[in-house]
Each structure stands twice: as C-alpha cells, then as structure tokens.
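One structure is given below, encoded as structure tokens.
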Amino acid sequence: MDLANFLIQLLNSVQYGLLLFLLAAGLTLIFGIMGVVNLAHGSFYMLGAYLAYALTGAWDSLALAVLVGTLLSIGIGWLLEKILFRHFYHRSHLDQVLLTFGLIYIFEELRSMLWGDDVHSVGVPELLNWSINLTDTLSYPAYRLFMLVICSVLALGLWLLIGKTKLGMKIRAGAFNSDMAQALGVNIVRLHALVFAMGVALAALGGMLIAPLSSVYPYMGSQVLIMCFVVVVIGGIGSVRGALTAALLVGLVDTFGKVLLPEFASMLVYVLMAVVLLYKPEGLFKQ
Amino acid sequence: MSAPLAHLEILPRSVHFLLALGLLALLAFPWTGQDFYTQMVTRMMILAIFAMSLDLLQGITGLVSLGHAAYFGLAGYVLAFMSPADAAASWLITLPVAILASALVALVIGFFVVRTQGIYFIMVTMAFAQMLYYLFFDNKGLGGSDGLYINVRPSALGLDLENKLVLYYFTLVSLVLVYVFLRRLLWSPFGRTLNGIRLNEHRTQALGYASFSYKLTAFTLAGALAGLAGYLWGVQTGYVNPELMGFHMSAHAIMMVILGGMGNVAGALIGAFGFELFLHFFKDLPTVGGFDLGKHWQLWMGSLIVLVVIVAPQGLMGLLRPRSQDD
Amino acid sequence: MTTRRLVLTRSAALLGAASSGLLLPANAQNNKIRIGLMLPYTGTFAQLGQACDNGFRMALEEKGNKLGGRDIEYFKVDDESEPSKGVENASKLVQRDKVDVLIGTVHSGVQMGIHKVARETGVLNIIPNAGMHAATRALCAPNVFRTSFSNSQPTLALGKAMMAKGHKKAVWITWKYAAGDEAGEGFKEGYLAAGGTIVKELGLPFPNVEFQALLTEIASIKPDAVACFFSGGGASKFIRDYAAAGLKGKIPLYGSGFLTEGLLDDDLAPSAQGIMTTLHYSTSLASKRNDAFRLAYAKTFKMQPDVYAVQGYDAGQLLLQGAAAVNGDLSNKKALYAAMESAVIDSPRGKWTMSKAHNPVQDMYLREVKGKENIVLGVAAKALSDSGAGCKLG
C-alpha cells in the first residue's frame, strides 16, 4: 500500500467513523444519562432515512427535508419519551432490552405499512453533486466531504454543549446522580425529555444525511445498530468523547481490516471490543 | 441500574398442579393429533431447554447474556461434523461430545467475559457470539453461510431418533431431567450462592465466596445445557446454519425467559411454550375485511412484547403471584 | 384474578391445546389441489417474495385457476428469510396443510431447509428464485425443479462479453457468502475460459455496505474492468459509491443482472448509466410474449414486473403443464415429473427448457443501463446450462 492509498484509506476511515459517531453519540447520551438500553436506536436511524426519502420526494429539496425531518424527529422523540420510555428508567436493563426489541418489530411493521418494502433512492443535492479528483482514477465525492464537515461540527457542538454550557453541566449532573441533581433544583424530568429527544434527533439526522449515499431500504437500521453499540461500549457509556474515539477506532479497523485482512474482516471489530473490555472493563473513557 | 429480579422461587401449589398437568398433556400429546403438531411440540420442548439454560445464567445468577445462542448452535454443528454422510451416528457418543464442546467453549469465553459487569457483560457476550457466528459464516470448510446437513439422524441402544415419536419422548425426558436438575440446583448451596451473587455480589463476596468461580461455573453449566438443546435441534431439523448462533437466536432466548418470568426455571419453561404458541397464533391469523392480519404478525408480536413488559413485568409467572408476597 | 381461577383457566387451556390434535380439521377430502407458497413476505427480501407470489398467481389465474381440470387452494407461509426456521416453515406446509406442491423460496439459506423437507417427504418443490448450486447439482432430486437460475449462470455469461470489449484484466468483487462465492465461480469459469485474467478478488463481509475501502483499492489497481455480484439495497449503494468515487466511466462496471434489477429509479439511474449486466431477463426484451406479460402484470398489480415476477410466473406455467399432462392427478409422479422435465416454457424471457438436473437451460442477455431501463444489447450466451455436477438424475 503506497502513501497516497494509505492516506485515502485514512480519509475513508475518518469519514465512516464520524458517521458512526453521530449515531453513537445519541445512544451513549440516552444510555449514559437515563441508563436506558435502547435497541430501537437503529429504527430511529431508519426513520430519518425514510423521512428524508418521503420529504425530498414531496418538496425536492434535501436541505428542507433535513430541517423538517429533524424537527419531526425531535417531536417524535419527545413524545416517545413521555409516553413510554420515561416509565422505564428505573426498570432493569433486561426489561428495557425487551421493550425496545418489541419496538423494533413495531417500527419495522409501521415502515412496511407506510412506505412499503422496496428499495428507494434519495438524490444528492445539486450543490454537492460533484467530486474532487484524488488520483487519476479515484475521486472523492463532495457530499462525503460535506458529511465529514457536518459530523465534525456536530461533534464539536456536542462537546461544547456537554462540557461548557450550563445545560451540559445539568446533563452531566443528572448522569452522575439524578436524585441529587433534582434535589438541587434541576428539572430532571424536562432534562431527560430533552436528552432523549436529542438522541433520537441525532440518530434520525444520521439517517437523513446518509440517505443519498446508502439508499433507503428495510432493516437498514439493524445493520448499523450493532456497530453503534460496539462503539458506545468501547468508548465508555455516557462519554461523548469516548464515543468519538471509539467511532474513529472502529472506522480504522473496519476500513483497513477489509483491505489488509479480508479473511477476518467480519470479526475484527468484535475482537477489538473484546480486547478493549478485557483491559478496561468499563470502556475507554468511563464517566 | 437494578439487577434483574427473580421471582417466585418457591412455586405455589397452583403452579405445581399446572406443571403436573402439563407433563401429563405432553406425555399424551403424540397420540392425539397430527404428526406436524408432535414435531411442533418437540421444537417447543427443545426451546424450553434452551430457555431454562439461560434462566440459570440470567434469572438465577443475574448475568444477562446476549450471546447464549453461540453454545446452542455450536452443539448442532458438532453433531453435523460427527455425522457421516449416509449412516447414523451414535447419540451415545455424539450427545456427550456436543455438550462437552459447548461447555468447553463456554468455559473459555466465560473466563474472559465474567470479569465484566452489567451492560458491558451483555455486550462482550454478544461480541464473542458474533465472532463465533462469523467464524462459521465465512468459512466454507465449516459449512459457510448455507450451513450443513445432518443426513441421517443419530441412533443408539435401539432408540432411533429418525423416528419422530422416539425423538419426542427422548426430548421430553431431557426436558424433565433438565428441569429437575435445575430446580435442585436452585435450592442447593451452589444455587443459593448464585442467588446471593445476583442480589448483591459485594455482600456475597464479603461473606467469603469467590464470586468469579461461581459465576464462571454457572456460565459453563448454562452453556452445556444450551448445547443439549442445540444438539436436539440439530437432530430434529437435520440442518444447522450460522443463524443458530446468531444475535436473533440469543434475543429469542431472552424474550422467552422474560415472558415466562425469571429465576425459578418453571417460568422459562412456560415462557418458551407461550412465546412459540403466540408466534404461531399471530402468523396464522386470517384475513379480515381485506386486511391480512397474519402478514403483519410482527406488529402483533411486538405489541405483545411491549404489553408484557409494561403490564406484566415479572412475566406470566408474575401474574400468578399472590398479592402479599414480596421480593 | 384469584389463583384458583387462574389455575383452572390455564389447565383448561393446556388440555385444550393437547386435545386440539383431535379437533384439527381432517384433511379435506375435496378435490382441490393444495398449493403451498413459502416466500419472504417480511424482511429484506419482501419485495422479491411478493413479486414471485404475484407472478405465480397470475399464471394460474390466466388458466382459470385450475390445474389439470381441478380447483386449487392456496396456503401461505412467511419464511422471513430466516434459515433457522426453514425446516419448520416448510414442514408446516407439507405436514400440517398437506400441500401437494411447495413453491419456494428466495433466500438460499432458507432453501436449504426446504430442500431437506423436499428430499425427506418427496413433496413436489418448484424453486422460484434461490440459486444455490446444490439444489440442482450434488443434492438434486426428482421432485425438485427450479424456474429461476443457478448462482453461477448469469456470471458465466459475463466473461465473453467483457473480452469482446477488450477488457482483459478484471477485478471481481462481491459479498463473502455462499451466493457471492457461487457467482464468483461462474465468473471465473467464463472469464478465464474466454482468455481473461482476474487481477484480484475482493470480498467484503455480508451484509456490510461500506464499500469505500475496497473502491479505493480498485482505483489503485486500475483494472480494465470490474465485475461484481450485489443485490438489493447493497447493490443500489454500490452503484452510487462507484459513481461517486469517480470510477464510473473510467473503469467499466459489469455485473450479474441483480445489480440493477428493480433498482433503477430517477435518483439512481444517472449513476448507473452504462453498467453492463447479464441476466436471463430484462423488462425491455422486445417480444410479443414479454409485452403481453408486462401489460397484464401492470394491469393486475399496478406495478412493473421484474425477473422475480417472471420466475414466479414460469413456476406457475411449469406446474400447469405438468398437471395438464396427468389430468390433475399429481400422485402420478412418474408421469408428472416426466412432463415437467420435457416441458418447454413459453416465458416472457424467451422459450426455455429443463436441464437433466431440473435447472433452466436458458439464454443469458447482455444488457446495458440506458435511461431507467436495462436495454438488451443481445444474447451473451445461448441456451446456457448449469453444469449439474454431481447430480445423478437422468
């Protein structure tokens, strides 16, 4: 592998890693702060993708679709938290696993009834429909660069939010000890609703952003869900910084694994997770 | 987060009565109906053994595993490897070997996995199961993604498992043995220690119990029993594939155990039968007014699961609990 | 609810379940032929399963829903594309519903289960899609027929077409699973026989769709062409990623027809222009038979047919011919199988016949994506037959 090839593969790793981060961030927040295991997180990703498909179809603008879609997802997240998830914070992980597993079934059925079982495409917006030539054969699509930028901005935004704002402080307090935080005057109920809605919106946003690249099809959520959990666990539950590090690690392992060790490519990420957990049983950056 | 609660370790008399009745029904069943239903009940019994093995790990010891199917599927593969292309293997040999293989792999994986806690434990068990899954999926020599056939079912001591009736009673005997064994275990000193670990590991450690070796033993034992179920599955279907070790199979087991109610072994048994019955029921729903109810079985099944978690958090067994009893 | 009431109701339920065996409807002694459809009606292949179902029913509908003069009765099972439930689901149709013929399925892993039941019970099984080699090779059976393809058939025809365009060095890329491996076998055989060289074989885990790493590899290898096998959502993404990586136009892309089948909508088509595929069917096939089929299908189901619908349709035609030859008496297996073996199917894909191992002997068309269609350029391989290696039939 020559230098140019190596650098491009590195770029591929980072881009994939950042997308994973977008999805994992929401999961780690929900998990870390409310302690809720949400297997249906992949369904939110799928929801975003299908929303992008439906809304772009109606208005012919991805940007508008993403905007409205994000708002819709926040609303849906808020509603789901209020009606269902709120009552499960104190329940065991097992109950949450079961609940969210049932939800996956329901979401997939709803998707089937609303939008059918076909594979759909979402067009890349005209503005970003060009490529940069990296070598004489290979180009890098501008849309992927755009995603790279957006994910980085979101990552930075999240870090600033959690680490440097008052709201972030409340969120961290709630994660550390929700009863104490409540006693100190934090409206924990509102906080949880906010974090949950944010988590759902992040996942949906991920789905919306990737829709032009990946197409929209049934069960697309389940494939990404396991990767998400792997990232969250490697990074340490509740840690956004951990999720970022782990996502980039997974991106590297997945990309270079496919090229250098294709025989074991499928197992590599799991081996990584197993190795990390054996040395740091609570992830890299446990809060 | 709270550890999973086990309930109703002392089974009320009503449940004893129910189980006895169930046993009678199972003994008599093959004589009452079609071949197909005998096979269906055989499958349910196999899944019940699988569920009970998970209950040992999850309900009794408090270790939630998302990778339990690895030991289930592995045993089926061992049978496939040991079965000659056109003759029957001996179950007297292949069954112990399969169980031993599952136990061994569970021991090795358990050694690494049992040192983690909570959600990390859940994820690491899943990771190892996925690794095993891909090992078989990616390797044509191990059958690859299409799996392997078991062409002739095992036989020994005059009991030919090719005969569906023989297989039924063979499975029933296994089911009863596993149930009795686990109930005994539950109330043995070993079982009490596992319970203690589930309820409060630190306190149990403070009392002088080396929780690691207890947990590892439970993990290995659960793996061995899952292997028994997986072996029987391989015998019944005559076909094994990597999905048997996969995430969905593990999740299936968890759902059966939770549906029934954890920690008392009887719940897992009831949960397995209940889950399968519901699944069959939903899938066979007719078309009403142009709406194909059966086609949307996932919606009904998902709603049922959600309903159970909300309304009956301790599973079906929990519904039998008298109001006064606390846990 | 008191425990006593609960116990009583539950024991009643259990006894009821136990005795339900007695209450099961006796195998109706009416004269209807029972047809079992085992297809994925949910899951990733739901679209394909439904198309097979549609095509099959249409074929029977056209002949008045009668097989050899007898009425028919349908039984349906959703196989969810779950290999671990394959045997169970097939048994449901064969043993509970006592079907006379089993039509199924799409996914090869599930087919393994059906095949087991078919070989053990002897039920007539017509495969409307699953291309696993074993079904018409080493594990062939007199009661198993296929109306679709074997995994290596479409790619077998690629080699000559690629060499004809001067593409002597190619990279092969697919998923690492049985269907991908078998498609690769076909490609290798055809391409090497035509004089080509496979520079590298790339595989990624199934169903991983992160292609960037391997596309970068391809770009650095700079082969004359790329040949691949992908299907469904993954195929759509591959086409997109291939174009976005700038490889479209620079390194020609070839594939088995499933790469583009049923996926060319407004958004994908621009990225797919110029992709050459081989398949035993294309909606753009110019023939009276195909036109009539497409019209009828569109009218009945309000959508365009695809190769899966044709395969299902031909399964129906095959059964019709067989049943006609025995006047509806499907128990006359010798005559039934003989009739099906010697059948000439007047299919929308063109006329085809059965190989000795019960797989279609059919033309493979070379197609190119122009606009939103797979335009047929010509016949890439005439009367192509699967080797049937290891099959002891005929």
Conditions (1) touching a residue at least 40 places away in the same chain (Cβ under 8 Å); (2) in contact with a Gly (Cβ under 8 Å, 6 or more places away or on another chain): number failed by C:E261 | (2)
Residues that are surrounded by 15 or more Cβ atoms within 10 Å (Cβ to Cβ) and not in a helix (DSSP H, G or I), drawn from segment A:144-195 = A:V186
Check whether at least one residue in segment B:83-95 is away from chain A (no Cβ under 14 Å), within 18 Å of the chain's Cα centre (by Cα) and modelled with pLDDT of 95 or more, and report yes or no.
-> yes
Run down C:A225, C:A286, C:A298, C:A292 and say which single residue is touching a Phe, Trp or Tyr at 6+ places or on another chain (Cβ under 7 Å) and over 21 Å from A:W130 (Cα atoms).
-> C:A225
Does segment C:263-311 hold any residues that are within 13 Å of chain A (Cβ to nearest Cβ) and over 26 Å from C:H107 (Cα atoms), and which are they?
-> C:D266, C:D267, C:A269, C:P270, C:S271
For C:T283, work out the one condition from (1) β-branched (V, I, T); (2) at pLDDT 95 or above; (3) farther than 25 Å from C:K176 by Cβ it doesn't fulfil.
-> (2)
From the residues in segment C:172-226 that are among the acidic types (D, E) and assigned to a helix (DSSP H, G or I), which one is farthest from the other protein chains (Cβ to nearest Cβ)?
-> C:E189
Taking into account only those residues within segment B:97-131 that are in a loop (DSSP other than H, G, I, E, B) and in contact (Cβ under 8 Å) with a residue 40 or more places away in the chain, which is nearest to the other protein chains (Cβ to nearest Cβ)?
-> B:R115
Within segment C:52-70, can one find any residue that is farther than 30 Å from A:F107 by Cβ, in contact with a strand residue (DSSP E or B) (Cβ under 6 Å, 6 or more places away or on another chain) and assigned to a strand (DSSP E or B)?
-> yes
Where B:E9 falls short, out of the listed (1) assigned to a helix (DSSP H, G or I); (2) away from every other protein chain (no Cβ under 12 Å); (3) modelled with pLDDT under 95 | (1)
Regarding C:D100, is this residue buried (at least 19 other Cβ atoms within 10 Å of the Cβ) and at pLDDT 95 or above?
-> yes
Scanning segment C:52-102 for residues that are hydroxyl-bearing (S, T, Y) and in contact with a Pro (Cβ under 6 Å, 6 or more places away or on another chain) gives C:S81
Using the structure shown, decide if B:G208 is touching a residue at least 24 places away in the same chain (Cβ under 8 Å) and either assigned to a helix (DSSP H, G or I) or under 26 Å from B:F112 (Cβ atoms) (or both).
-> no
When you scan segment C:331-371, how many residues do you find that are surrounded by fewer than 19 Cβ atoms within 10 Å (Cβ to Cβ) and in a loop (DSSP other than H, G, I, E, B)?
-> 5
Can you name the residue in segment A:1-48 that is within 13 Å of chain C (Cβ to nearest Cβ) and hydroxyl-bearing (S, T, Y) and, of all such residues, is farthest from A:A243 (Cα to Cα)?
-> A:S13
Filtered residue count, segment A:102-113, keeping only those that are more than 7 Å from every other protein chain (Cβ to nearest Cβ) and free of Cβ contacts under 8 Å to residues at least 24 places away in the same chain = 2
Quick one: A:I188 ticks every box in (1) touching a residue at least 60 places away in the same chain (Cβ under 8 Å); (2) within 30 Å of A:I106 (Cβ to Cβ) except a single one, so which number is it?
-> (1)
Please work out which residue is nearest to the other protein chains (Cβ to nearest Cβ), limiting yourself to segment B:132-158 and to residues that are aliphatic (A, V, I, L, M) and surrounded by fewer than 21 Cβ atoms within 10 Å (Cβ to Cβ).
-> B:L135
Only unsatisfied item for C:A292, checking (1) more than 26 Å from C:D314 (Cβ to Cβ); (2) not assigned by TED's automatic domain parsing to the domain that holds C:G159, is (1)
Going through segment A:124-180 one residue at a time, which ones are under 21 Å from the mean Cα position of the chain (by Cα), within 14 Å of chain C (Cβ to nearest Cβ) and aromatic (F, W, Y)?
-> A:Y143, A:F146
Just checking, which of A:F44, A:F21, A:F31 is at pLDDT below 85, buried (at least 17 other Cβ atoms within 10 Å of the Cβ) and assigned to a helix (DSSP H, G or I)?
-> A:F31
Name, by its number, the condition in (1) in contact with a Gly (Cβ under 8 Å, 6 or more places away or on another chain); (2) surrounded by 24 or more Cβ atoms within 10 Å (Cβ to Cβ); (3) in a helix (DSSP H, G or I) that does not hold for C:P305.
-> (3)
Please work out which one of (1) closer than 30 Å to C:Q47 by Cβ; (2) away from chain B (no Cβ under 14 Å); (3) in a helix (DSSP H, G or I) is the condition A:W78 fails and give its number.
-> (1)
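Rundown of residues vs (1) at pLDDT 90 or above; (2) within 12 Å of another protein chain (Cβ to nearest Cβ), yes/no style:
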residue: B:Q34; (1), (2): no, yes
residue: B:R43; (1), (2): yes, yes
residue: B:H68; (1), (2): yes, no
residue: B:L74; (1), (2): yes, no
Among the numbered conditions (1) more than 7 Å from every other protein chain (Cβ to nearest Cβ); (2) free of Cβ contacts under 8 Å to residues at least 60 places away in the same chain, tell me where A:L99 comes up short.
-> (1)
In segment B:78-96, the residues that are in a loop (DSSP other than H, G, I, E, B) and crowded, with 17+ Cβ neighbours inside 10 Å | B:S83, B:A88, B:A89
Name the pairs: first residue in segment B:13-26 and facing another protein chain (nearest Cβ under 9 Å) and closer than 15 Å to B:N264 by Cα, second residue in a helix (DSSP H, G or I) and hydroxyl-bearing (S, T, Y), Cβ to Cβ under 8 Å, at least 6 apart or on different chains?
-> B:S14/C:T3; B:L18/C:S11
Here the residues within segment A:120-143 that are crowded, with 20+ Cβ neighbours inside 10 Å and of a type in the set (S, T, Y) are A:S121, A:S139, A:Y140, A:Y143
Residue count, segment A:232-259, condition in contact (Cβ under 8 Å) with a residue 60 or more places away in the chain and more than 29 Å from A:R172 (Cβ to Cβ), comes to 4
Which residue, of C:K76, C:K116, C:K66, is under 30 Å from A:M220 (Cβ atoms), surrounded by fewer than 24 Cβ atoms within 10 Å (Cβ to Cβ) and over 16 Å from the mean Cα position of the chain (by Cα)?
-> C:K76
Looking at segment B:105-131, which of the residues that are among the polar types (S, T, N, Q) and under 20 Å from B:H248 (Cα atoms) is surrounded by the fewest Cβ atoms within 10 Å (Cβ to Cβ)?
-> B:T125
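The values are calculated or read from the model by the stated rules, or taken from the named source; none is laboratory data. Keep in mind the model is a prediction, meaning the values are calculated, not measured. Virtual Cβ from ideal backbone geometry, glycine too; neighbours counted across all protein chains shown.
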